[in-house]
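Structure first, then comments.
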(Lines give C-alpha, C1' and ligand atoms only; values in the text may rest on other atoms or scores of the structure.)
Protein backbone atom coordinates (compact mmCIF):
# COMPACT_ATOMS: atom_id res chain seq x y z
CA UNK A 1 0.00 0.00 0.00
CA UNK A 2 1.30 3.44 -0.91
CA UNK A 3 1.55 5.96 1.93
CA UNK A 4 0.83 9.61 1.43
CA UNK A 5 3.78 11.50 2.82
CA UNK A 6 2.85 15.00 3.90
CA UNK A 7 5.78 17.29 3.20
CA UNK A 8 5.31 20.73 4.74
CA UNK A 9 5.13 23.49 2.14
CA UNK A 10 4.63 27.20 2.55
CA UNK A 11 1.80 28.46 0.35
CA UNK A 12 1.69 32.14 1.23
CA UNK A 13 3.39 34.88 3.22
CA UNK A 14 0.74 36.67 5.31
CA UNK A 15 2.86 39.40 6.83
CA UNK A 16 6.41 40.38 7.82
CA UNK A 17 7.15 42.35 11.01
CA UNK A 18 10.73 42.98 12.10
CA UNK A 19 12.30 39.50 12.04
CA UNK A 20 9.04 37.53 12.19
CA UNK A 21 7.00 36.16 9.33
CA UNK A 22 3.49 34.75 9.27
CA UNK A 23 3.00 32.06 6.63
CA UNK A 24 0.27 29.65 5.54
CA UNK A 25 1.32 26.00 5.34
CA UNK A 26 -0.24 23.45 3.01
CA UNK A 27 -2.32 22.07 5.89
CA UNK A 28 -4.14 25.43 5.92
CA UNK A 29 -2.61 26.58 9.18
CA UNK A 30 -1.15 30.06 9.63
CA UNK A 31 2.06 29.95 11.63
CA UNK A 32 4.48 32.60 12.90
CA UNK A 33 8.23 32.09 12.53
CA UNK A 34 10.52 34.11 14.81
CA UNK A 35 13.78 34.39 12.87
CA UNK A 36 15.70 35.58 15.93
CA UNK A 37 15.37 31.98 17.11
CA UNK A 38 16.08 30.54 13.66
CA UNK A 39 19.26 32.58 13.27
CA UNK A 40 20.46 31.58 16.76
CA UNK A 41 19.78 27.88 16.14
CA UNK A 42 21.44 27.96 12.71
CA UNK A 43 24.33 29.92 14.28
CA UNK A 44 24.20 32.70 11.72
CA UNK A 45 26.84 35.24 12.66
CA UNK A 46 26.50 38.98 12.02
CA UNK A 47 29.58 38.93 9.76
CA UNK A 48 28.42 35.95 7.69
CA UNK A 49 26.73 36.49 4.31
CA UNK A 50 23.32 35.64 5.83
CA UNK A 51 23.99 38.05 8.71
CA UNK A 52 22.55 40.79 6.51
CA UNK A 53 19.12 39.31 7.21
CA UNK A 54 19.31 40.46 10.83
CA UNK A 55 18.53 43.90 9.42
CA UNK A 56 14.70 44.14 9.17
CA UNK A 57 14.89 46.07 5.88
CA UNK A 58 17.01 43.35 4.23
CA UNK A 59 15.00 40.61 5.93
CA UNK A 60 11.75 42.00 4.44
CA UNK A 61 13.07 41.29 0.92
CA UNK A 62 12.03 37.66 1.37
CA UNK A 63 10.22 35.92 -1.47
CA UNK A 64 8.29 32.69 -1.64
CA UNK A 65 10.06 30.42 -4.14
CA UNK A 66 9.07 26.77 -4.63
CA UNK A 67 7.24 26.71 -1.28
CA UNK A 68 10.32 27.88 0.65
CA UNK A 69 11.44 31.27 1.91
CA UNK A 70 14.18 32.75 -0.24
CA UNK A 71 16.40 35.84 -0.13
CA UNK A 72 18.28 36.97 -3.26
CA UNK A 73 20.03 39.75 -1.34
CA UNK A 74 22.42 37.37 0.46
CA UNK A 75 25.72 36.94 -1.35
CA UNK A 76 26.05 33.19 -1.22
CA UNK A 77 27.95 31.21 -3.82
CA UNK A 78 28.34 27.59 -4.87
CA UNK A 79 30.94 26.11 -7.16
CA UNK A 80 29.56 24.15 -10.09
CA UNK A 81 31.03 21.14 -11.85
CA UNK A 82 32.67 23.56 -14.27
CA UNK A 83 34.46 25.07 -11.21
CA UNK A 84 32.75 28.41 -11.74
CA UNK A 85 31.19 30.20 -8.80
CA UNK A 86 27.52 30.98 -9.07
CA UNK A 87 25.47 33.18 -6.74
CA UNK A 88 22.45 31.36 -5.29
CA UNK A 89 19.69 32.66 -3.04
CA UNK A 90 19.71 31.96 0.68
CA UNK A 91 16.82 29.59 1.35
CA UNK A 92 15.40 27.82 4.35
CA UNK A 93 12.97 24.99 3.69
CA UNK A 94 9.44 24.81 5.01
CA UNK A 95 10.19 21.62 6.95
CA UNK A 96 12.96 23.31 8.98
CA UNK A 97 10.90 26.46 9.51
CA UNK A 98 7.91 24.46 10.73
CA UNK A 99 10.00 23.36 13.73
CA UNK A 100 10.61 27.00 14.68
CA UNK A 101 7.04 28.17 14.15
CA UNK A 102 4.05 28.60 16.42
CA UNK A 103 0.41 28.54 15.44
CA UNK A 104 -1.02 31.96 14.75
CA UNK A 105 -4.29 32.19 16.62
CA UNK A 106 -6.76 34.42 14.90
CA UNK A 107 -8.79 36.76 17.03
CA UNK A 108 -11.99 35.28 15.64
CA UNK A 109 -11.01 31.72 16.50
CA UNK A 110 -10.06 32.72 20.02
CA UNK A 111 -13.31 34.62 20.55
CA UNK A 112 -15.38 31.72 19.22
CA UNK A 113 -13.65 29.17 21.45
CA UNK A 114 -14.03 31.42 24.49
CA UNK A 115 -17.65 32.20 23.60
CA UNK A 116 -18.55 28.50 23.28
CA UNK A 117 -16.88 27.71 26.61
CA UNK A 118 -18.47 30.63 28.49
CA UNK A 119 -21.94 29.84 27.10
CA UNK A 120 -21.57 26.12 27.88
CA UNK A 121 -20.59 26.88 31.47
CA UNK A 122 -23.44 29.40 31.90
CA UNK A 123 -25.81 26.74 30.55
CA UNK A 124 -24.57 24.29 33.19
CA UNK A 125 -23.34 21.77 30.63
CA UNK A 126 -20.19 19.68 30.66
CA UNK A 127 -18.17 19.27 27.47
CA UNK A 128 -19.49 15.72 27.20
CA UNK A 129 -23.12 16.83 27.57
CA UNK A 130 -22.67 19.54 24.92
CA UNK A 131 -20.99 17.03 22.61
CA UNK A 132 -23.87 14.56 22.95
CA UNK A 133 -26.49 17.26 22.37
CA UNK A 134 -24.71 18.63 19.31
CA UNK A 135 -23.62 15.31 17.81
CA UNK A 136 -19.87 15.87 18.16
CA UNK A 137 -17.26 14.47 20.52
CA UNK A 138 -16.11 15.79 23.88
CA UNK A 139 -12.58 15.93 22.49
CA UNK A 140 -13.73 18.15 19.61
CA UNK A 141 -15.55 20.52 21.99
CA UNK A 142 -12.39 20.72 24.08
CA UNK A 143 -10.25 21.50 21.02
CA UNK A 144 -12.64 24.29 19.97
CA UNK A 145 -12.78 25.80 23.45
CA UNK A 146 -8.98 25.70 23.74
CA UNK A 147 -8.37 27.14 20.26
CA UNK A 148 -6.80 23.91 19.01
CA UNK A 149 -9.15 23.34 16.09
CA UNK A 150 -10.78 25.26 13.30
CA UNK A 151 -14.52 24.93 13.07
CA UNK A 152 -16.78 24.76 10.06
CA UNK A 153 -19.78 27.07 10.03
CA UNK A 154 -22.29 24.19 9.89
CA UNK A 155 -20.65 22.55 12.91
CA UNK A 156 -20.61 25.82 14.82
CA UNK A 157 -24.30 26.30 14.06
CA UNK A 158 -25.03 22.76 15.29
CA UNK A 159 -23.12 23.35 18.54
CA UNK A 160 -24.70 26.76 19.20
CA UNK A 161 -28.27 26.09 18.11
CA UNK A 162 -28.74 22.39 18.84
CA UNK A 163 -26.26 21.87 21.66
CA UNK A 164 -26.59 25.16 23.53
CA UNK A 165 -30.12 26.07 22.44
CA UNK A 166 -28.99 29.54 21.35
CA UNK A 167 -29.29 31.40 18.06
CA UNK A 168 -26.20 31.92 15.92
CA UNK A 169 -25.81 35.34 14.33
CA UNK A 170 -22.79 36.40 12.29
CA UNK A 171 -21.93 40.03 11.63
CA UNK A 172 -19.30 41.49 9.37
CA UNK A 173 -18.25 45.00 10.33
Condition met for residue 52 (at pLDDT below 90, farther than 24 Å from residue 147 by Cα and surrounded by 16 or more Cβ atoms within 10 Å (Cβ to Cβ)): no
Boolean, residue 124 is assigned to a loop (DSSP other than H, G, I, E, B), modelled with pLDDT of 90 or more and touching a helix residue (DSSP H, G or I) at 6+ places or on another chain (Cβ under 9 Å): no
Single residue of 6, 37, 61 found to be part of a loop (DSSP other than H, G, I, E, B), surrounded by 11 or more Cβ atoms within 10 Å (Cβ to Cβ) and within 23 Å of the chain's Cα centre (by Cα): 61
Test: residue 113 is exposed (fewer than 15 other Cβ atoms within 10 Å of the Cβ) and either touching a helix residue (DSSP H, G or I) at 6+ places or on another chain (Cβ under 6 Å) or in the same structural domain as residue 148 (by TED's automatic domain parsing) (or both): no
Where residue 115 falls short, out of the listed (1) closer than 30 Å to residue 157 by Cα; (2) within 19 Å of the chain's Cα centre (by Cα): (2)
Failed item, numbered, when residue 96 is tested on (1) closer than 23 Å to residue 17 by Cβ; (2) under 27 Å from the mean Cα position of the chain (by Cα); (3) not in a helix (DSSP H, G or I): (3)
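The values are calculated or read from the model by the stated rules, or taken from the named source; none is laboratory data. The model shown is predicted, which means the values in this text are computed figures rather than measured ones. All Cβ positions, glycine included, derive from the backbone under ideal geometry; neighbour counts span all protein chains shown.
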